[in-house]
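The values are calculated or read from the model by the stated rules, or taken from the named source; none is laboratory data. Here the structure is a predicted model, which means the values were calculated and not measured. Positions of Cβ are generated from backbone atoms using ideal geometry, with glycine treated the same way; all protein chains shown enter the neighbour counts. Heads up: the accessible areas ignore ligands, DNA and RNA and are worked out on the full protein's heavy atoms, side chains in. Shrake-Rupley method; radii C 1.70, N 1.55, O 1.52, S 1.80 Å.
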Amino acid sequence: MCGVAPAIHSTGYDDLVDWIESGYAGQMSYFADRVDAYRHPAGVMEGAKSIIVLAYPYASASVDTLGTNHGKVARYARSGVDYHDVIHPKLNHLCGILRGAFPESHARGVVDTAPLMEREIAELAGLGWRGKNTLLLNKSLGSYYFLACVLTDIELTPSASLSPDHCGTCTACLDACPTDAFVGPHVLDATRCISYLTIEHRGPIDPDLRTGIGDWVFGCDVCQEVCPWNRKPVHRQRLKSQPLRSLELTELFTLDEDQFRERFRKTPMWRTRRRGLLRNAAIVLGNQRKTSSIAALSLGLADDDPVVRGASAWALGQIGDETAINRLRERQMVETDTDVQNEIAGAIA
């Protein structure tokens, strides 16, 4: 999809400020650090007059069966390719076309890393409406797509007017969230969101939220999976290859930092770094409670990183058989980190 919106002051800016001040951004300090820039697209490109908004679909096939000791990966990341590396060259090409047609003009392409109210701008461009799960919905494409923008100082004719809201009385997305992350329609408490917890959050995950993570090792699609507008298959999918439909989790504990970098450096998983992905893997294995993961979790229990050790201790406690408890007691004798000691004690109890 493609549409054009005028570069105007954000009507949702005050809501963004309230969201940040309510603590719903969690550790994503980049929102507060750049909050003033969200007021107007000029905060991203001075002199911006128009914004070309584009939607780039990704494969939306579900994972019907999950292998032993595997964890689910959000659909957008299953290609194994960083979507920024795919989309940015296309935006640069489009910027070049604009400069070729208007040599004195300026343009800048962005993909979700600039302080820009993309979904609000996409609504202005007529690409869809804001669903109750906060995502942009479109009657044809649902929500399985990336948003990208090209800002320009050319005054382009805006697209059609705002799309009407087609959510009606449906609350499927709000009701299905495993961690109750929605404060209400259109308001997400990111600190409870599985996508945030498994990707953006640094450090240990709140024990009260761990079981809700279920099998999700990277991201989450639950609020999209239940949305009626995602029932229709998307035929114009781009990033189709899906080598990471799921991850085998036990092997991750054998990777050192260099091996992790070699395997994941050019994938979305790099965002979590090794600590985050192993922490997530341990939590998923703990939720699955399979004795076949004890050996891998024992490696995690001896890992150099205390966050990985703590998550592995919790997971062994969830499995809870004699072998798992013995591993915990052995580690308890040598563990020096207070937080990990507390995790081990709680796991044994």
Rank these by accessible area, largest first, 1.4 Å probe: S312, S22.
S22, S312
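Extension gain K139-H88, at 0.36 nm per residue separation less the Cα-Cα distance, in nm?
Stretched out fully, the K139 to H88 stretch lengthens by 15.8 nm.
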With a 1.4 Å probe and all protein chains kept in place, how much accessible area does E21 have, in Å² rounded to the nearest 10?
140
Using a 7 Å offset from the Cα along the Cα-to-Cβ direction at both K232 and A101, what is the distance between the two label points in nm, to one decimal?
2.8
Can you work out the base-10 log of I(q)/I(0) for the chain at q = 0.12 1/Å, using the Debye formula on its C-alpha atoms alone?
-0.91
How high is the relative contact order of the chain? Use alpha-carbon pairs under 8 Å, at least six apart in sequence, and give a whole percent.
20
Computed about the Cα centre, the charge dipole of the chain from +1 Lys/Arg and -1 Asp/Glu charges at the Cβ has a magnitude in debye, to the nearest 20, of 1220
Accessible surface, 1.4 Å probe, highest first, among residues D64, D36:
D64, D36
Around D304, under 12 Å between beta carbons, what's the net of Lys plus Arg minus Asp minus Glu among the other residues?
-2
Per DSSP H run of n ≥ 4, the term is -39500 (n - 2.57); total these for the chain, divide by its residue number, and report the mean residue ellipticity at 222 nm rounded to 500 deg cm²/dmol.
-10000 deg cm²/dmol
Counting Lys and Arg as +1 and Asp and Glu as -1, what is the net charge of the other residues whose Cβ lies under 13 Å from the Cβ of N69?
0
Area accessible to solvent at K266, 1.4 Å probe radius, in Å²
140
Comparing N69, N326, N280, which has the greatest mean-square fluctuation in the GNM of the chain with Cα pairs linked when under 10 Å apart?
N326
Percent accessible area from carbon and sulfur atoms, segment 14-144, protein chains only, probe 1.4 Å
50
Pairs of Lys in the chain closer than 26 Å at Cα, counting only those 8 or more apart or on different chains:
14
Along the Cα→Cβ direction, 7 angstrom out, place labels at L255 and T291. What is the inter-label distance in nm?
2.9
